[in-house]
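The values are calculated or read from the model by the stated rules, or taken from the named source; none is laboratory data. These numbers come from a predicted model, not from an experiment. Note that we place each Cβ from the backbone using ideal geometry, even for glycine, and neighbour counts take in every protein chain shown. These area figures cover heavy atoms from the full protein model, side chains too; ligands, DNA and RNA do not enter into them. Shrake-Rupley method; radii C 1.70, N 1.55, O 1.52, S 1.80 Å.
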Amino acid sequence: MIYRIINLNESTYDKKLFEKAYNEMSPQRQEKADRYQQTPDRRACVFADMLLRMLLKEAGCNQSPVFYTDEKGKPYLEGNGFYFS
């Protein structure tokens, strides 16, 4: 199991990193992030996506991952054995 932690405190917030992470997200994920009304929730959504993509790349998923959701809204990657929450 692999863990990564990112500090989302206002005092450590990096606007350039946020913008880079946001711009690398899929349009669907950007729409999800944009629906959050509270800034901390929007930041958490964007950085969670960034961390997941970093972990997938480290695990050998070199292609740009396409995320799906099941009927209950649980995200998954089709056909590669990666599970996440």
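In order along region 3-10, the Karplus-derived 3J(HN,Hα) couplings, from 6.51 cos²θ - 1.76 cosθ + 1.60 at θ = phi - 60°, round to 10, 9, 10, 10, 8, 9, 4, 4 Hz, and Gly and Pro are given as x.
The angle between the Cα long axis of helix 15-24 and the longest principal axis of the Cα atoms of the chain comes to about 30 degrees, rounded to the nearest 10. Estimated from helical segments only, the mean residue ellipticity of the chain at 222 nm is -14500 deg cm²/dmol, where each DSSP H run of four or more residues counts as -39500 (n - 2.57).
Between residue 28 and residue 71, residue separation times 0.36 nm minus the direct Cα-Cα distance comes to 13.8 nm.
Ligands, DNA and RNA left out, the 1.4 Å accessible surface of the chain is 51% carbon and sulfur atoms.
Name the chymotrypsin sites (Phe, Trp or Tyr not before Pro) in region 1-36 that are in a loop by DSSP and that have at most 16 other C-beta atoms within 10 Å, would you? Intermediate results must be reported in sequence, preceding the final value.
On the way: sites: 3, 13, 18, 22, 36; in loops: 3, 13, 36.
Listed in order of number, the matching sites are 3, 13, 36.
Taking trypsin sites (Lys or Arg not before Pro) as exposed when their DSSP state is a loop state and no more than 11 other Cβ atoms lie within 10 Å, the longest site-free interval of the chain runs over 5-71.
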